[in-house]
Structures are given as structure tokens and as C-alpha cells.
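First up is the structure itself, then whatever we jot down about it.
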Amino acid sequence: MNLLKATGTIGGLTLASRVLGLVRDSLFARYIGASFASDAFLVAFRLPNMFRALFAEGAFASAFIPMFNRKVGDPEGRGLPEGLDFAEQALAVLLPVLLVMTLLLEIFAWPVTLLLSGKFNGVSHDQFAFAVTLSRLTIPYLMLISLVSLFGGILNSLHKFWVNAAAPILLNLTLIAALLLFHNTDPLVTARNQAIAVSVSGALQLLWLALACRRNGVSLKLRRPRLNPDVKRLLALIWPAAAGAGAVQINLVISTALAASLLAHGSVTYIYMADRLNQLPLGLIGIGLGTVLLPTISRQLGAGEDAAAMETQNRGMELALLLTLPATMALVLCGEPIAAALFGYGRYTPADTHFTAQALAAFSIGLPSYILVKVLTPGFYARQDTKTPVRYATASMVVNLVGNLLLIVPLQHMGPPLATAIASSVNVGLLYATLVKRGHFVADAQLRRRAPRLALAALAMGGVLWLTQGVLTPYVHGSWPVRFAALVALVSAGMVVYGLATVLLGAFSQDDLRLLVRRRRTTQG
């Protein structure tokens, strides 16, 4: 399998989803703004959104895919029936657990919302009751998206990556439709309709994945749950993997709760909007790489191809740096015009845009570490080691909590994002050091040569953008076509400068380009 092509397929679909997400967020800013209504919805959406990241992109996939691949065995599919039998066993246990968990969360939505929000810095009883209602409307999404992760894991293992990667598009389309068709002059009503749309989108995603599985000859039957050795092993791997893969999401929950309870109304929205922009490269690069690397490394290690697994992880690291470093520079230095172009109209004021850009700069400092977590953790999960990542994730959460408490008062809405970035960097450092110590990762000569040159190329791009962004700033406040053209010009300028710098500095050569084209033609032929 071509790592770049597979990552590009997933990344391209994820990019489409994230672009639609930006459209959704722009409409959200226009119709709801930065207020208690927006903060209440975003707190309600934080819990199911965290479970989406943990299960759909983290824990379940990290535990299920290596086990499923070992059951399936050869690439001809002769072991597929055994793999599907294991999937049915997992479904039989997972479904009742999810039903009970959903019911408990619905019953205890009040204390859960209190935990996530700190009661929104002293709102009235009726306002808090409204926030609890929004939480209850979004909670079913937890169960639905967890089932989506089971079907998605099967399809990923069968190399049908695009189907699972396309599922989040349905979430954004559903929320966009709700904003366009059911917005109201009262932002509270619009926020409630968004909460309903979240759970509707979960049902649509589950239907999409189930139909895709059926088209690929996969049909899971319901059976009586049994805790056989395989299922016990799966459950033992899921829970530590949840914390290991979801450290960033758990840190964001902590940040959201502290911001809601200690800062002025609208601060949760600033942090959320900044995180959405920060998530664009994370979704395009990190999730795509993590999705491809885990089954690839699992298969290579299972076949005894340790050198190939090392090569795969080195190229994954190199690809992550190549794509991440310029995105980091752009978001840190050009956050103001980007936020203004996407959100700065309707109920979203210029002050809201400025505060969002500040939070974005703080978040984006940690962008390389957010993505490198996705590159490094498959090195543990492919060896069925989920305990080590969870220990380091726990340490990073402690760092995040301490950082939040120290920074949230002096830096306000910039404090939680900066604490999250620092905590993620600590997590990456621990993961990398452990893989190196165990001999599971050694940076080869190509990676050691190119990494510092990629950093220099990104700095060169950042310098040019910093000097020229003022020319485009007046245009990001115009009509939608003008805003779009200004953003395209900014991004294009950055890409051209970065591309030239990588070639001039020797971080990316013409031979690499010819090799990629040759691989692509070979794959297509």
C-alpha cells in the first residue's frame, strides 16, 4: 500500500469534511454569535465530540484493528469469516454497554453538564436547565458514533479507508442544513435545533457505514454477549487506549470546563472556534496518517518485517513534519485575517474575531505535537501495548490541568489553549523517548537530514506571510467572494514560498517528486 496515496485519500475526504465544518462554524457564528447560547451548545457538544475522537479515531480502532487483522490473516481474505465472527462477538458486548451508558448519561445529565461547565460562571437556574436540555439532546450521538467506529474499523482493515473517512461529512451537512433551514431570531432556539441535529447526524453516519459494510460482503448479526478470551482482550485494550489516544480531547474538556466556569461568556466559543481552525490540519494530516499507519505497521510486524515497519514510521514522521510545520507558522502568524474571513460577520463582532485569533495562536504552537501523537502511538498499539501511552497521557493531563490553573487568569482565553499545547508536547516527548529506548524507532539518515531543513523552510514561509499579510487584511472583511479570494491568495502565497524553500534547502527534491509520480502511476496502472 502506498502510504502517501492512502493518507491522501483519507486526508482529502477529511479535508472536505473540515471545509464543510468551517462553513458550519461560519453559519454558527452568524446566527448564534459568541454568547451564553453558543457556549451552552458547545459544552453540550463537547462530550459526544470527545467520544467521537476517542472511539471513531482512537481507542476502539486502536484496539480492534490489530486484533481483527490477525484474525483475517492473509490479504486474500481466507480468514475473513473468522474476523467477522470476532466482530460479531465485539458487537454483542459493545451494544448493551453503550445502551446502559447512554441511559445513565441521560439520567445524570445535570451533574455531567455541571462538571463540564462549572455552571457557566453563575448563570440563572433556567439558563442552566436549558444547557442540560442541550446535553440530553446530544447524548444519543455517543452510542451511535461508537457503533460507527466498529463498522469503520472493519472497513479500514479491508482497506476501504474512504468510506469511513467520508462519514463525518454527514455530520457537517446535517448541522449546516439545520442552521440554514431552522435558524431563529432567538439564538437559544437555533442552539437547541443544532443539538437535535447532532444526534440525527449520528444515525445517518451509522446507516452509511452499515450499508457500506453490506456492499463489501460484511453483515454482522446480533448474538448473545459472551466474555470469551478475545472479547476480554479487546476490552482490556480499549480503556487504556481511550486515555492514550484521547489525551488532546480530554485536555480540551478540562479547558472548556475551566473557561466556562471562570471566564466571561463567549470565551468557550473563542476557544472552540480556534480549536476548529487548529483541527483542520490535524484532521487532514494526523488522522489520515494514524488511520493508515496502524493497520500497516500491524501487518508488517505480524509478518516479521520489523525493518519495513521502522521505514513506515520514519516516512510517516517525515510526512507529518513536511505538512505540519508550514500550517503551524500560518496559523500562529496569520490567525487574525483567517478568523476574520471565516467568522467575522453577523453576530460575531470584531472583538470576538480578535480573541479567537489569540486563542488560535496559542493552540497552534502545539500543532506538530498533536499530529506526532497520531504518528507515534501506532508504534505501541501495533504491538498491543496500550498501557504505556495511557501512562504518558495521564502525565500530560496533569501538566494540562496545572497549566490551565496557572495560565487561565493572567492569559484569559489564551491560557487553556496554551496549556493544551504544552501538555501535548510533553506527551510526544515521552512517547518518542520510549520508542527509541526500546529500539522500536530509530530516526534514519533521511529523517535526520530533512527535519531541520523543513523547519527552516517553514520559518522562511512564516517571515514572508508576516510581511505581506497586511496587504490582504482589508479584503477579509468584504463579501464572501472577496473573503474567499483573500484566503486563497494567502494560502497560495504560503504554499509557493514553502515549496520553493523546501527545494532550495534540500528538504524535498525533484527525485522525491518523480518517485511519488512514478508510484502513483504504478498504483493507477
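Potential lengthening of the chain between Arg224 and Ala129 amounts to 30.3 nm, from the contour at 0.36 nm per residue minus the alpha-carbon distance. Using Cα centres only, tell me the gap between segment 311-357 and segment 472-505 in whole Å. When both Cα centres are located, 13 Å separates them.
In this simple spin-label approximation, Leu99 and Val488 carry label points 7 Å from Cα along the Cα→Cβ vector, and these lie 5.2 nm apart. Report the calculated FRET efficiency for Lys119 and Ala236 (r = Cβ-Cβ distance, R0 = 35 Å), to the nearest 0.05. The value I calculate is 0.45. Rolling a 1.4 Å probe over the protein heavy atoms leaves Tyr475 with an accessible area of roughly 120 Å². Put a plus charge on the Cβ of each Lys and Arg, a minus charge on the Cβ of each Asp and Glu, and nothing anywhere else: the dipole of segment 390-506 about its Cα centre is then about 400 debye. Out of every Cα-Cα pair that segment 323-383 contains, those further apart than 12 angstrom amount to 69 percent. In segment 346-472, the alpha-carbon atoms span a convex hull of 156 Å³ per residue. Lysine pairs in the chain whose alpha-carbon atoms fall under 24 angstrom of each other, counting only those eight or more residues apart or on distinct chains, come to 13. Percent of C-alpha pairs per 10 Å bin in segment 257-390, short distances first: 12, 34, 26, 18, 9, 2. For the chain, build the charge dipole from Cβ charges (+1 Lys, Arg; -1 Asp, Glu) around the Cα centre, then report which of Ile32, Thr473, Leu367 sits farthest towards its positive end. Result: Leu367, furthest along the dipole toward the positive end.
Fully extending the segment from Ala443 to Thr349 would add 29.1 nm, taking 0.36 nm per residue of separation and subtracting the current Cα-Cα distance. When the helices of the chain are scored as -39500 (n - 2.57) per DSSP H run of n ≥ 4 and the total is divided over every residue, the value at 222 nm lands at -27500 deg cm²/dmol.
For Lys221, the accessible surface of its heavy atoms amounts to roughly 140 Å² (probe 1.4 Å, protein chains only, rounded to the nearest 10).
When all C-alpha to C-alpha distances in segment 87-189 are sorted into bins of 5 Å, what percent of pairs does each bin hold, rounded to whole numbers? Over segment 87-189, the share of Cα pairs per 5 Å bin runs 2, 10, 15, 15, 16, 17, 12, 7, 4, 1, 0 percent.
Please report the relative contact order for segment 307-362, taking Cα pairs under 8 Å with a sequence separation of at least 6, and give it as a percent rounded to a whole number. The value is 34 percent. Translational diffusion of segment 293-348, estimated by Stokes-Einstein from the Kirkwood radius over alpha carbon pairs at 10 °C in a medium of 1.306 mPa s, is 112 µm² per second. Computed over segment 407-453, the percent of Cα pairs more than 17 Å apart is 56.
Residues of segment 322-358 with amide nitrogen under 14 Å from the 7 Å Cα-to-Cβ point of Trp466? Under cut-off, by backbone N: 329-335. Kirkwood Rh, Cα Rg: Rg to Rh for segment 449-502? Across segment 449-502, the Cα-based Rg/Rh ratio is 1.10.
The values are calculated or read from the model by the stated rules, or taken from the named source; none is laboratory data. The shown structure was predicted, so the numbers you read here are calculated from the model rather than taken from an experiment. Cβ coordinates were reconstructed from backbone atoms using ideal geometry, including for glycine residues, and neighbour counts include every protein chain displayed. Remember, those area values only see protein heavy atoms, side chains included, never the ligands or the DNA or RNA. Shrake-Rupley method; radii C 1.70, N 1.55, O 1.52, S 1.80 Å.
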